[in-house]
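Here's the structure, in structure tokens; my notes come after.
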Amino acid sequence: MEKSPVFKAYTEFVWLNNREPHSIAEFCTYANIDPVAFKTTFGQFKNIRQQLLTTVFDEVWERVEQAAAENDYSLREKCLALFFTLAEAFGAYRDYLKTRYPLKELGALVEDWRPFNKLFVAKTQHFQQNERVNWLRDKLPGKLTDEVSSLLMGWNYVFRVWLADESEEQATTDAAIEKTVHLYFDLSENKQFEKVLDFGKFIATTKVRL
Amino acid sequence: MENENDKEKSYDSIPTSKVQRAMKVMGTGVKIGGNYVAHYSKNLFREQSKEALHEKNAETVFEALGEMKGSALKMAQMLSMDEFTLPESYQKVFQQAQHNAPPLSFPLIQKTFRSQLKKDIPELFDTFSREAIHAASIGQVHLATKNAHRYAVKVQYPGVADSIASDIRLMRPIAQKVLNVPQNELDFYISEVQSTLIEETDYLHELEMAETLKKACLEIPNLHIPSYHRELSSERVLTMDWVDGTLLTEWLESHPDEAQKKQIAQAIWDTFLFQIQELGLVHADPHPGNFIVREDGTL
């Protein structure tokens, strides 16, 4: 079963009705698709929501990799391109995303984003070049580091700005992306930041609270 | 002295929200206060000229304006043009605003082309400089080529249009207290900056005005106005022919001979006299950063 018409029908349904379909039957009738094929491919609506996000990420990542090779991007530029392209790609689903993820409820809907977050963290791990940050990450429990990174937190902030952004062509989001990504890389390269981390490491080793 | 990396870093981050921009203005006030304290402390032991203090303050203010870009930087640019309003050291530092500013990332430039012109850069140009060649208060200029023809492509900073009104309000106390600009001068500048900026954020409007001006000024001797390219322009991207030459202020510093200076002065005089007397339209942004003297001695 082709996924993209299902994404289109589902996002359209949620946006127009401001709710989930009550049942698979209701959605399949609306989208004019075979319920058996739907159950085999997606099973439940949560999978549509999750796969929509990961599909967008996969497509964006492919474009960014291609652009990085063509333009000989630095890591910083590749990261900027990722954020800009993600915001652009999500633009196709903006009405749905604004309906489904109102800012105040975004935190409660983290389940939808879990596979996206994992993918994001895995693909962008090499952006972090600071040895001490990577050392710290290696010490943290696997589950936490698989789903959380400082860059992902940066993306979450940008996504919230994007959801609230009513400026023309989401120019505020553009500025937020530049600011967030530059801060991330500037901090990674900052010697003072390394010293703070080193001090934190020392405190942890001495087991004496600050 | 600030190193290049620090400078680049400070320019890379544009404070966008009203609160952030207000914090920047407050922080600038605190720094200037510090400069005064340092000045009077030093004076207890030795003489330090008022001009040196002005210069230090001017650098502090310019640093903050550079980070805010947009209307704040534009105000610095316009103030620097009036030699009677500001101390000389402020004028000197603020003149940087006329042809020197902060870069936007290349991915954002690419994204702007996609959203504004619905095409990627390689579909429009054979080559395109990744780094900005020049920067102005609300945009930066890249050099591009197509079929061996060179173009200057100006790309606007994101969010400029949205921050105009709040910037103007934020800049008012700085301009009044720190720069000691008289109230009547301030009102004039503020209304001028605001109306100019609103117009300047629409590059298609600029294109139309430039085309009108070019067509009308064809007969003026020693004046060359570059051609603009509508098919390569939009509200936030403006493309015109690239012009080789030297910025007017730099050209004057190169000590050209009297005849050359008279030729350029005459061209400027003829142009503005024609605009005022014949055309009924005046180039509203005549700061030296907008004038280039070409190798053949024409403007």
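None of the figures in this text is laboratory data; all of them are computed from the coordinates on show. Predicted model, so just to flag it, every value in this text is computed and none were measured. A quick note on method: Cβ atoms are made from the backbone with ideal geometry, for glycine too, and the neighbour counts reach across all protein chains shown.
Below are the figures for this structure:
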item	result
3J(HN,Hα) from dihedral phi, region B:206-215, Karplus parametrisation 6.51/-1.76/1.60, rounded to Hz, x for glycine, proline	4, 4, 4, 5, 5, 5, 4, 5, 4, 4
Cα-Cα separations in region A:44-206 greater than 21 Å, expressed as whole percent	51
For B:D120, B:D270, B:D244, order by how many other beta-carbon atoms lie within 10 Å, fewest first	B:D244, B:D120, B:D270
Largest-first ellipsoid semi-axes for region B:155-299, taking √(5λ) over the Cα gyration tensor eigenvalues, angstrom	29, 21, 15
Ascending count of other beta-carbon atoms within 10 Å, so fewest first, for B:I121, A:I203	A:I203, B:I121
Other-chain or far-sequence residues with amide H under 5 Å of B:H142's (modelled H)	B:I133, B:V153, B:K154, B:V155
Radius of gyration and maximum dimension Dmax of region A:1-120, Cα, Å	15.9, 49
Per-selection Rg to Rh, region A:1-60 - Cα, Kirkwood hydrodynamic radius	0.94
Efficiency of FRET from Cβ geometry, A:F202 and B:R230, R₀ 60 Å, rounded to 0.05	0.45
5 Å-binned pair-distance histogram of region B:105-221 (Cα, whole percent)	2, 9, 14, 17, 16, 14, 11, 9, 5, 2, 0
Proxy reagent accessibility, fewest Cβ within 10 Å first, across A:T206, A:T54	A:T206, A:T54
Ratio of Rg to Rh over region A:88-129 (Cα coordinates, Kirkwood Rh, two decimals)	1.07
Stretchable slack from B:E253 to B:E211, in nm (0.36 nm times residue separation minus alpha-carbon distance)	12.0 nm
Electrostatic dipole magnitude of region A:44-206 [Cβ: Lys, Arg +1; Asp, Glu -1; Cα centre; debye, to 20]	820
Shielding by other protein chains, B:106-119, mean Cβ within 10 Å	5
